[in-house]
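Here the structure is laid out as structure tokens; the discussion comes afterwards.
The values are calculated or read from the model by the stated rules, or taken from the named source; none is laboratory data. Predicted, not measured: the structure shown is a model, and the values here were computed from it. Neighbour counts are summed over all protein chains in view; Cβ atoms, including those assigned to glycine, are modelled from backbone coordinates with ideal geometry. Heavy atoms of the whole protein, side chains included, go into the accessibility calculation; ligands, DNA and RNA do not. Shrake-Rupley method; radii C 1.70, N 1.55, O 1.52, S 1.80 Å.
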Amino acid sequence: QVQLVESGGGLVQVGGSLRLSCAASGRTFWNYAMAWFRQAPGKEREFVAGMPWSGTNTLYADSVKGRFTISRENAKNRVYLQMNSLKPEDTAVYYCASRFGVATTTETNYNYWGQGTQVTVSS
């Protein structure tokens, strides 16, 4: 049974930083892309960042480019999201997701999802 478990969320002030982590288990994730999505209250879930199993072809939403960095440790089946210069509009539940093949920005392309971790940026 595939499981994605996020951690690292919390309350942070404007301009602060957080590092989210996602631990994947239950199968071999060779050639599986990993991504982060987020959902703010009253809004639809949106793509944040994604990356393939290997290589540097990372994808970012325009709203987070230059502030967020996605990375992964394949040997540990972990993916991370380093979030810097946080803004109130970054407040959301952040989800880890995975799919076979390349990373995409489309939510419905992803087969596996975590339960989410809350990030709140206070002003």
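Among PHE37, LEU86, PRO52, which residue has its Cα furthest toward the positive end of the charge dipole of segment 37-93, with +1 on Lys/Arg Cβ and -1 on Asp/Glu Cβ? The listed residue farthest towards the positive side: PRO52.
Quote the FRET efficiency, to the nearest 0.05, computed for TRP30 versus THR120 with a Förster distance R0 of 35 Å and r equal to the Cβ-Cβ distance. Approximately 0.50, to the nearest 0.05. The mean sequence separation of alpha-carbon pairs under 8 Å and at least six residues apart, normalised by the residue count of the chain, gives a relative contact order of 36 percent.
The distance between label points at ASN84 and THR105 comes to 2.3 nm (points 7 Å beyond Cα on the Cα→Cβ vector). Amide H contacts under 5 Å for GLY116: GLU6, CYS96, restricted to partners 5 or more places along the chain or on a different chain, H placed in the peptide plane at 1.01 Å from N. Of the accessible area of the chain, computed with a 1.4 Å probe over protein heavy atoms only, carbon and sulfur atoms account for 46 percent.
What does the charge add up to near SER25, with Lys and Arg as +1, Asp and Glu as -1, over the other residues with Cβ less than 15 Å from its Cβ?
Numbers: positive: ARG27, ARG72, LYS76, ARG78; negative: GLU6, GLU73.
It works out to a net charge of +2.
Given a 1.4 Å probe and the protein chains as shown, PHE100 ends up with an accessible area of around 110 Å².
Scalar couplings 3J(HN,Hα) for segment 5-16, obtained by applying the Karplus form with A = 6.51, B = -1.76, C = 1.60 to θ = phi - 60°, are 10, 8, 8, x, x, x, 9, 9, 7, 3, x, x Hz; x denotes Gly and Pro. Placing +1 on the Cβ of every Lys and Arg and -1 on the Cβ of every Asp and Glu, with nothing else charged, gives the chain a dipole about its Cα centre of roughly 240 debye.
Going by accessible surface with a 1.4 Å probe and the largest first, ARG72, ARG27 read ARG27, ARG72. Give the residue from VAL64, GLY101, THR28 lying farthest towards the positive end of the charge dipole for the chain; charges sit on Cβ (+1 for Lys and Arg, -1 for Asp and Glu) and the dipole is referred to the Cα centre. Working it through, the farthest residue towards the positive pole turns out to be THR28. Given their separation in residues at 0.36 nm each and the Cα-Cα distance between them, SER71 and ALA40 gain 8.9 nm when the chain is fully extended.
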